[in-house]
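The values are calculated or read from the model by the stated rules, or taken from the named source; none is laboratory data. A quick note: this is a predicted structure, and the numbers were derived from the prediction, not measured. In this analysis, Cβ positions are derived from the backbone assuming ideal geometry, glycine residues included, and neighbour counts consider all displayed protein chains. Note: areas computed on protein heavy atoms with side chains; ligands, DNA, RNA excluded. Shrake-Rupley method; radii C 1.70, N 1.55, O 1.52, S 1.80 Å.
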Amino acid sequence: MTDIKYSHVAISCADLVAMERFYTKHFGFQRARVIPLGDTQIIFLKNGPAYLELFQAEGQSPVLSSAGDGPHYPGLRHLAFQVDNVDAKLAEMGKGVRVTLGPLSFDDFIPGWRSVWVADPDGNIVEISQGYVDQDNPPSME
């Protein structure tokens with residue numbers, strides 16, 4: 001099998017500037033590349049091996065903004081980032097952040113696992129989680 005590595009998530013944005021500010025301010029992303037395309041541009045943001053590719057949206061969404069932990073129909077449910085402490089991250093983000101769900105504890109599954117979901121400027125849901133660890137021997141698909 002050909003080696004595969006994660007590349008990026010592409011987001012169509014109502015306001016490129018607001019989205020870039022949100023992900024750089026709250027999640028430590030930095031500009032990695034800007035590709036000019038006439039009267040618009042594509043902005044690549046990077047944080048370690050993770051990239052976000054920001055495009056200017058070309059219209060309104062036919063779907064209402066999500067709430068909770070994201071939409072439950074087929075498609076992207078949410079982006080997720082790991083932090084050491086969910087409560088400290090929320091405090092750092094300040095009162096302007098829109099929490100859509102939580103914080104919730106999932107100690108029944110993994111001791112210390114907690115998550116909160118927030119909305120970015122376009123209403124995309126972003127999970128902020130602490131304490132998740134992989135299962136030692138997950139069951140096979142069959």
Any chance residue 41 is assigned to a strand (DSSP E or B) and either of a type outside the set (Asp, Glu) or out of contact with any Cys (no Cβ under 6 Å at 6 or more places or on another chain) (or both)
yes
Test result for residue 2, part of a loop (DSSP other than H, G, I, E, B) and more than 18 Å from residue 125 (Cβ to Cβ)
yes
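If we keep just the residues of region 80-95 that are among the small types (Gly, Ala, Ser) and over 15 Å from residue 126 (Cα atoms), which is most open to solvent (accessible area, probe 1.4 Å)? Write out each step before concluding.
Keep residues of region 80-95 that are among the small types (Gly, Ala, Ser), which gives 80, 88, 91, 94.
From what's left, over 15 Å from residue 126 (Cα atoms): 88, 91, 94.
Working: 88: 54, 91: 77, 94: 29 Å².
Per the stated criteria, the residue is 91.
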Would you please list the contacts, defined by Cβ atoms under 8 Å and residues six or more apart or on different chains, that run from a residue in region 1-19 that is of a type in the set (Ser, Thr, Tyr) and modelled with pLDDT under 90 to a residue that is open to solvent by 70 Å² or more (accessible area, probe 1.4 Å) and part of a loop (DSSP other than H, G, I, E, B)?
6/49
Residues located in region 5-27, provided they are assigned to a loop (DSSP other than H, G, I, E, B), open to solvent by 70 Å² or more (accessible area, probe 1.4 Å) and among the small types (Gly, Ala, Ser):
14
Could you check region 44-79 and list, in sequence order, the residues that are closer than 17 Å to residue 10 by Cα, open to solvent by 70 Å² or more (accessible area, probe 1.4 Å) and of a type in the set (A, V, I, L, M)?
76
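Kindly establish whether residue 40 is within 17 Å of residue 18 (Cα to Cα), open to solvent by less than 80 Å² (accessible area, probe 1.4 Å) and hydroxyl-bearing (Ser, Thr, Tyr).
Spelling it out, residue 40 is indeed within 17 Å of residue 18 (Cα to Cα), open to solvent by less than 80 Å² (accessible area, probe 1.4 Å) and hydroxyl-bearing (Ser, Thr, Tyr).
Provide a single number: the residues in region 125-139 that are open to solvent by 60 Å² or more (accessible area, probe 1.4 Å) and either closer than 21 Å to residue 61 by Cα or among the aliphatic types (A, V, I, L, M) (or both). Full working, then the answer.
The initial filter retains those residues of region 125-139 that are open to solvent by 60 Å² or more (accessible area, probe 1.4 Å), namely 132-139.
Those still in the list that are either closer than 21 Å to residue 61 by Cα or among the aliphatic types (A, V, I, L, M) (or both) too: 133.
The number of residues fulfilling the criteria is 1.
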